[in-house]
Amino acid sequence: MKSLQNMNSIHNRPTGPATCVLVAIFSLLASATNVFAQQPGTSPVKIFIMVGQSNMQGKGQIAGVSTPGTLDYTVANDPEGKYQFLKSGGSYVVRDDVWIRDEDANAGGLEPGYGANSTSIGPELGFGHKMGDLNENQILIVKAAWGGKSLGNDFLPPSSGPYPTPLAAGDTGFYYQETLRLVNEATTNLGIYFPDYDGQGYEIAGFAWHQGWNDRIDTGRSAAYETNMANFINDMRSDLGVSNLPFVIATTGMDGWNTYTQVEEAQLAMADATKNPSFAGNVAVIDTRGGHGDFEFWQQPDQSPSNEGFHWNGNAKTYLHIGQAMADAMSLMAPARCPYRLKASGDATGVALSWQNGTDALTSVEVIRDLVTLAAAAPVSPSTFLDATAEPGLLEYQLVFTKSGDPCPPLTLTFDAGITDLQAFRTRTSVGLTWTNNLGYDAIEVRRDGSLIEAALVGNATSYLDTAPPASGIVTYSLVPTNGSATPTEVQIDLNGASPGQALIYEPFEDADSTLNSNTSGSGLLGVWSSGAQAIAPGSLSYGTLPTAGSRSFNSAGNLQKSGVLLRPELAEAGLLDHGSVLWFSFLTNNPVGVNAAVEFSLGTDKVD
């Protein structure tokens, strides 16, 4: 539920033509006189503005611990502990160091419920938690998001006009001016909305943008999006009185792995230094069709509360990740006072630590592993350190920085230097294992159901083939480096049932004169074909003794929207689709110059990387 700690902070949004005229005029005057410019004190409140349409409002569902994709479910089913920061003592955390004020004048400490309604979240939750963790200053998030709004009209910046002063919703540029009004309202009433505000001043520190659907579905607005987006950034910076204000865009990729739309291409162009050199280093773009570090975005409908792709299927994890990714990108452009963003990676050379230095000058850093000092005064620039003596196991790192003036809190991190991501797959006569090494090992021990089957596999191996597995049963494999103190990594595989086979699936379109529209259904890669009359050319491939199926497609016009492989019935009849079988997919693509294309793999609803 949204925080109602301060009843005097809850206001009704003014309505009616007369009020709207005053609001619009005041906003224009405010922007002209730069009343939003920084008013820093000794420790100013850092203000981040989050703007967009319904997906910035947020449709991530909170309730339903048994419903995949809700916030309750995500926190309850969290074996790696990635989301436990959201709760304390069984209840969701209300942060007193991160304030929020939304477009409906709800205000309080950050917690779930500041989405489109009190039962949902948007990107603000992940964004606020991460920015709060990275900053010692008080944080204030000002949300200005409304459903069904376009950049081409509702948020149209003045430089894309000119247009008459907007008087009401629907008028060109009305929500551009509403954004300025909400920021002004929040900054001029900090002490009213937040009684803990002690007059320390404020600093407008960043701007986050997640919008695009209403422009995607309009050809004219799609074509104008790149110009409008650049103008929006420049105009907002001017009207807020902060040149080079850090600006993060999360693209509008809320329908999985299809090809990029014109709007997304325009959004990505904002971070292209060739096209927009003035934005280099101060504008970042999160590509939501891909991933960002550890953050994945698209979640399938069967792992979500709803089947609304345009609202990210209501998946709270998606909205949480978008906010966290935006904060991660923002932190690089709006650095904190102290070092932050400690990361670790391992390979044969050791464990590499990296961090971001803040704005304060540092003298040195003490690097501690498992309570033992590795370096008493290591240099802080470059902000890296290689632990070349690390051994396999869970390693606890602590970095203690030396500086003049106010001290900085240590950075801590736990790194698993053992074997991770162990997976097993079945062939006709063997069981294959693959895994990830997070360090260099002397050797690797392999066990099957507790019995040693390989005492000293070479230490840099990342795969193993068990050529004499049991004929049936559920089998457990475990791997552990022979040196260090790592816990064995385990995986199970079910060897019951018929022995599977292998097949090569090669674009199965059988009729030389057919069109893609004739293939209207079937399981396989991304489902069904739609749109266009693309030619299908006959042909086939072979791969050793593996059975093959199909021919090839040629995309000549560039209007192919979705692709799909129809798995032939005889593959299933031969047991080639049974659990444990190995399928090889081969594709040929030929696309005209300038046509966006992406080859993506999905079997049923599971994406295959």
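Among the protein heavy atoms of region 162-284, carbon and sulfur supply 49% of the accessible surface, probe 1.4 Å, non-protein parts ignored. Short-range pairs are left out: with C-alpha atoms under 8 Å and at least six residues apart, the relative contact order of region 253-338 is 26 percent.
Across region 133-176, Cα pairs under 8 Å and at least six residues apart give a relative contact order of 33 percent. Accessible surface for region 117-242, divided over its residues, is 31 Å² per residue with a 1.4 Å probe. Shape class of region 308-394 from the Cα gyration tensor (axes a ≥ b ≥ c, square roots of the eigenvalues): oblate, since a/c reaches 1.5 or more and a/b does not exceed b/c. By the rule of a C-alpha distance below 15 Å, with chain neighbours fewer than 8 residues away ignored, the aspartates and glutamates paired with K403 are D360, E366. In region 154-259, Cα pairs under 8 Å separated by at least six residues give a relative contact order of 31 percent. Taking every DSSP bridge with both residues inside region 316-431, close to 100 percent are antiparallel. Of the solvent-accessible surface of region 72-140, computed with a 1.4 Å probe and all protein chains present, 41% belongs to carbon and sulfur. Checking the Cα-Cα distances for K82/K343; K59/K149; K143/K275; K130/K343; K59/K82; K46/K130 against a 19 Å cut-off, the pairs over it are K143/K275; K59/K82.
Solvent-accessible surface of region 299-433, taken per residue with a 1.4 Å probe and all protein chains present: 43 Å².
Taking a ≥ b ≥ c as the square roots of the eigenvalues of the Cα gyration tensor of region 130-253, is the shape rounded (a/c under 1.5), prolate (a/b larger than b/c) or oblate? Prolate, since a/c reaches 1.5 and a/b exceeds b/c. Charge tally for R447 (other residues, Cβ to Cβ under 15 Å; Lys, Arg +1; Asp, Glu -1): -4.
By the gyration tensor of its Cα atoms, with a ≥ b ≥ c the square roots of the eigenvalues, what is the shape of region 311-456: rounded for a/c under 1.5, prolate for a/b over b/c, or oblate? It is oblate, given that a/c is not under 1.5 and a/b is not larger than b/c. Peptides 460-472, 190-202, 124-136, 106-118 ranked from most to least packed, by the mean per-residue count of other Cβ atoms within 10 Å: 124-136, 106-118, 190-202, 460-472. What is the distance in Å between the Cα centres of region 155-207 and region 366-381? Cα centroid to Cα centroid, the span is 46 Å.
Roughly how many percent of the accessible protein surface of region 326-456 is carbon and sulfur, given a 1.4 Å probe and a whole-percent answer? Accessible surface attributable to carbon and sulfur in region 326-456 totals 51 percent.
The values are calculated or read from the model by the stated rules, or taken from the named source; none is laboratory data. Predicted, not measured: the structure shown is a model, and the values here were computed from it. Note that each Cβ is placed from the backbone with ideal geometry, even for glycine, and that neighbours are counted across all protein chains shown. Accessible surface is based on the protein model in full, side chains and every heavy atom, while ligands, DNA and RNA are left aside. Shrake-Rupley method; radii C 1.70, N 1.55, O 1.52, S 1.80 Å.
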